[in-house]
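I have placed the structure first, in the form of structure tokens, so that the comments after it can refer back to it.
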Amino acid sequence: MTELWQRRWPSCPPVGYKLREPYRDVWVRFHSLPESKRYADDESEYAIVLERYNTVLDELFAGADVYVITPLWTTEAEVASSQPITGYWQSLLVEDDPHPEFRTYCHLFAARRSWRPGCIDESLRDVADDKVAGVLITDTRMQRIHHPYDGGADVFLATSAERDRVRDRHADWLSRHPSGI
């Protein structure tokens with residue numbers, strides 16, 4: 001997986017919030033709720049959040065296997081023995097600091113799944129509630145990435161033309177801010 005990532009996304013480690021700058025030409029951000037509201041207040045709003053996540057994910061990955069990459073953020077270079085190691089991929093030093101208590105490591109775990117709408121709703125809801133940050137969903141060739149966050153999703157497509165088509169289909173979900181944020 002590491003070699004595949006480095007071949008497709010060489011300018012950035014597999015850390016969602018770092019992808020936008022080097023890959024702006026294939027990036028689009030969708031908001032989870034109308035009027036860019038960040039958090040759902042009730043089940044009807046959660047339904048909108050999950051519908052938007054799943055709609056885009058299904059457009060990207062219908063009928064394919066995906067990797068669901070989940071991070072564990074720590075100040076330790078090693079994964080604690082108390083943590084499950086199933087699907088361990090790699091560990092990254094994301095923020096270096098001379099003081100160990102301020103260093104940030106991202107330990108990545110990858111699970112391969114057959115994509116179908118709703119198959120990761122529990123994880124997506126945790127992301128929407130900011131219980132988990134940094135999840136990446138990608139096809140097994142790593143051509144496309146869906147990076148959900150609390151408030152929306154950053155999506156990275158194979159080409160800028162594909163990005164434009166996906167963006168235009170969901171224009172109502174875009175930010176009104178000129179930068180797209």
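Computed quantities for the displayed model
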| quantity | calculated |
| --- | --- |
| Residue pairs meeting the criteria (Cβ under 7 Å; at least 6 apart or on separate chains; first surrounded by fewer than 20 Cβ atoms within 10 Å (Cβ to Cβ), in region 120-137; second modelled with pLDDT of 95 or more and part of a loop (DSSP other than H, G, I, E, B)) | SER123/VAL135; ASP129/ASP150; ASP130/ASP150 |
| Verdict on ARG165 being open to solvent by 50 Å² or more (accessible area, probe 1.4 Å) and either in contact with a Ser or Thr (Cβ under 6 Å, 6 or more places away or on another chain) or part of a helix (DSSP H, G or I) (or both) | yes |
| Spans of helices (runs of 4 or more DSSP H) in region 1-64 with at least 1 residues at pLDDT 95 or above and either over 13 Å from the mean Cα position of the chain (by Cα) or more than 26 Å from LYS131 (Cα to Cα) (or both) | 2-8, 43-61 |
| Filter result (of a type in the set (A, V, I, L, M, F, W, C) and either open to solvent by 40 Å² or more (accessible area, probe 1.4 Å) or under 14 Å from MET1 (Cβ atoms) (or both)) within region 86-119 | TRP89, LEU92, LEU93, PHE102, LEU108, PHE109, ALA110, ALA111 |
| In region 19-36, the residues that are touching a residue at least 40 places away in the same chain (Cβ under 8 Å) and of a type in the set (D, E, K, R) | ARG20, ASP25, ARG29 |
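The values are calculated or read from the model by the stated rules, or taken from the named source; none is laboratory data. None of the values given here were measured: they were computed from a predicted structure. All Cβ positions, even for glycine, are placed from backbone atoms using ideal geometry, and neighbour counts span all protein chains on display. Side chains are part of the model used for accessible areas, which takes the heavy atoms of the whole protein and leaves out ligands, DNA and RNA. Shrake-Rupley method; radii C 1.70, N 1.55, O 1.52, S 1.80 Å.
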